[in-house]
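Comments concern the structure below.
The values are calculated or read from the model by the stated rules, or taken from the named source; none is laboratory data. Treat the numbers as computed from the prediction; the structure is a model and nothing was measured. Methodologically, a virtual Cβ is constructed for each residue, glycine included, from the backbone with ideal geometry; neighbour enumeration extends over all protein chains shown.
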């Protein structure tokens, strides 16, 4: 074989070996992307996921399909996402309970919060509201406190489950106000809200998914657990304004994937998500929901998750809650 022919074949072989992976990476995505939602339809995680998938799918050029796998406080679907192939086609709508709280609640999780996941982008946070049924006799935080202080454990508060952000907001509320309420956990936010509207529980410290029910008159919002009023319900005062200081609670959501995702895919998904989060379309929908829009780098999201894991260690301990 002549020297120039050998050199040409060697060059083509080297190019084939190097260019094939590059071509595959550039082709992503070339099929639908599954987004695992480890909660039932209707709650904050599912609502946020459904707001994100359509515009993000358009941005990426492939549809995103939601896969609801509820159970065990979000652990079942979260474990499935952790064990999925890290090819960018199996993503997770991460959230506060399975990705920050449950490690303090369960004696052993089937996944490692840090080692088994790839943080991609912080999506949003929903502040917690104190809400009561429309026919409730309570019209302010003071009304609730006056009754609760006279009648320990007579008021019931619903939540999306033991260790949920709603449950632990209730723990914070009781700790700050020195009251005792009876916790009633449900298998998700939607059934808890349904029972609240029916008057089967006294109140909820609910995520902003309650806002449509407040606006339609089915629920009454008494306070928001943030440092300032929420634009979606501007007439609802903060806890600070009503003499209950430092009660700040929210439920957050973010896009994640299994550990080992290629850096190029993570960056592509992060960039696309940030673009979508800045779009007028999604900003309008997020504002209507009362959500605080996220964004930022994967590294910033990873640091935030670690800070939340640390913050909730003491709150869960105070709650006394444990799951077997």
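Out of 270, 230, report the one residue that is buried (at least 16 other Cβ atoms within 10 Å of the Cβ), at pLDDT 95 or above and touching a helix residue (DSSP H, G or I) at 6+ places or on another chain (Cβ under 8 Å). Of 270, 230, the one residue that is buried (at least 16 other Cβ atoms within 10 Å of the Cβ), at pLDDT 95 or above and touching a helix residue (DSSP H, G or I) at 6+ places or on another chain (Cβ under 8 Å) is 270. Residues that are at pLDDT below 95 and part of a helix (DSSP H, G or I) within segment 36-49 comprise 44, 45, 46, 47, 48, listed in sequence order.
Listed here are the residues, each with its yes/no results for (1) touching a strand residue (DSSP E or B) at 6+ places or on another chain (Cβ under 9 Å); (2) surrounded by fewer than 18 Cβ atoms within 10 Å (Cβ to Cβ).
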{"position": "41", "(1), (2)": "yes, yes"}
{"position": "55", "(1), (2)": "no, no"}
{"position": "76", "(1), (2)": "no, yes"}
{"position": "92", "(1), (2)": "yes, no"}
{"position": "103", "(1), (2)": "no, no"}
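All of 186, 157, 106 fail the test of being within 16 Å of residue 223 (Cα to Cα), touching a helix residue (DSSP H, G or I) at 6+ places or on another chain (Cβ under 8 Å) and in contact (Cβ under 8 Å) with a residue 12 or more places away in the chain, apart from 157. Considering segment 61-74, the residues that are outside any strand (DSSP E or B) and in contact with a strand residue (DSSP E or B) (Cβ under 7 Å, 6 or more places away or on another chain) include one that is farthest from residue 324 (Cα to Cα), namely 62. So which of 203, 255, 196 is within 22 Å of the chain's Cα centre (by Cα), at pLDDT 95 or above, crowded, with 24+ Cβ neighbours inside 10 Å and within 24 Å of residue 65 (Cα to Cα)? Exactly one residue qualifies, and that residue is 255.
Criterion applied to 263, 291, 232 was being in the same structural domain as residue 71 (by TED's automatic domain parsing) and more than 17 Å from the chain's Cα centre (by Cα), and the one residue passing it is 263.
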